[in-house]
1. Based on DSSP H runs of at least 4 residues, each adding -39500 (n - 2.57), what is the mean residue ellipticity at 222 nm of the chain after dividing by all its residues, to the nearest 500 deg cm²/dmol?
2. By count of other Cβ within 10 Å, fewest leading, how are 178, 93 ordered?
3. Just need the relative contact order of the chain here, percent rounded to a whole number, with Cα pairs under 8 Å and 6+ apart.
4. Percent antiparallel among DSSP beta bridges with both residues in the chain, to the nearest 5?
5. Counting only DSSP beta bridges with both residues in region 121-244, what percent are antiparallel, rounded to the nearest 5?
6. Under the classification rounded if a/c is under 1.5, otherwise prolate if a/b is larger than b/c and oblate if not, where does region 164-213 fall, given a ≥ b ≥ c as square roots of the Cα gyration tensor eigenvalues?
7. Between residue 220 and residue 26, what FRET efficiency follows from the Cβ-Cβ distance if R0 is 30 Å, with the result rounded to 0.05?
8. Taking Cα atoms, how many degrees apart are the long axis of helix 117-130 and the longest axis of the chain, rounded to 10 and kept between 0 and 90?
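The numbers here are math on the coordinates, done by the rules we state, and not lab data. Keep in mind the model is a prediction, meaning the values are calculated, not measured. With ideal geometry, Cβ positions are generated from the backbone for all residues, glycine too; neighbour counts draw on all protein chains shown.
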Ligand SMILES: Nc1ncnc2c1ncn2[C@@H]1O[C@H](COP(=O)(O)OP(=O)(O)OP(=O)(O)O)[C@@H](O)[C@H]1O
Ligand SMILES: [Mg+2]
């Protein structure tokens, strides 16, 4: 699904990713862990095509295609989804309106017919129910005035609606209460399929208890230091990052 080779990326003149290698197989749930500031969110932003980050060396292949040559919207339409650590607010844009536009843009890109309003509402209400998203929440502007936990639930809801092939979750579990964590964990588990991969960036094993990762990579100073089995998470929880 995703193959990253010798990736170097910078913000301004500061190099943050310094020769990162990572492979995520199709159908795999891959957890990324690592101390604050090691470049996890930067990696997620580079994958999504955030304009603040410049790739200076290396390559990213997504389903065999050169991801770095694709514009951010092409990446999204091709199946890359990023749930942000800090979700952006879109004042004046309603969630339903936003999702319908995104969904139909993707369908158009894939050569499919757009969903009409009735089909869309049906589709949306089903998924909203599963994540305890109320119709009042759907009427409000995207992320504006929502609590931290509500924003994360809404991000999960967007992911469920768009059915991406590759989902990047950046600290989806931080700031969630027990019930919301369970809900998000379940939503991700339900979406786990042979054709879909997940990159789950996290500091704790909270979310990983609901979504057992196939492999775990530990980052440090802009590189992946080690990739191993889910056992690594326990080792990190017990001993911290210094041992790596
Ligand atoms: N837009 C930016 N401008 C300046 N510095 C940046 C920018 N984005 C990232 N950095 C710097 O790059 C480094 C890596 O940041 P990043 O957000 O990727 O870390 P992280 O691994 O996600 O950390 P955390 O666990 O705290 O979320 C940090 O030192 C950060 O200050
Ligand atoms: Mg981060």
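1. Computed mean residue ellipticity for the chain: -11000 deg cm²/dmol.
2. Values: 178 8, 93 14.
Final ranking by Cβ density, sparse to dense: 178, 93.
3. Reported as a whole number, the value is 29 percent.
4. Working: 24 of 41 bridges.
The antiparallel fraction comes to roughly 60 percent.
5. Values: 5 of 10 bridges.
Rounded to the nearest five, the antiparallel share is 50 percent.
6. Details: a/c = 1.99, a/b = 1.54, b/c = 1.30.
Prolate, because a/c is 1.5 or more and a/b exceeds b/c.
7. Details: r = 27 Å, r/R0 = 0.89.
Once rounded, the FRET efficiency stands at 0.65.
8. For helix 117-130, the angle is close to 50 degrees.
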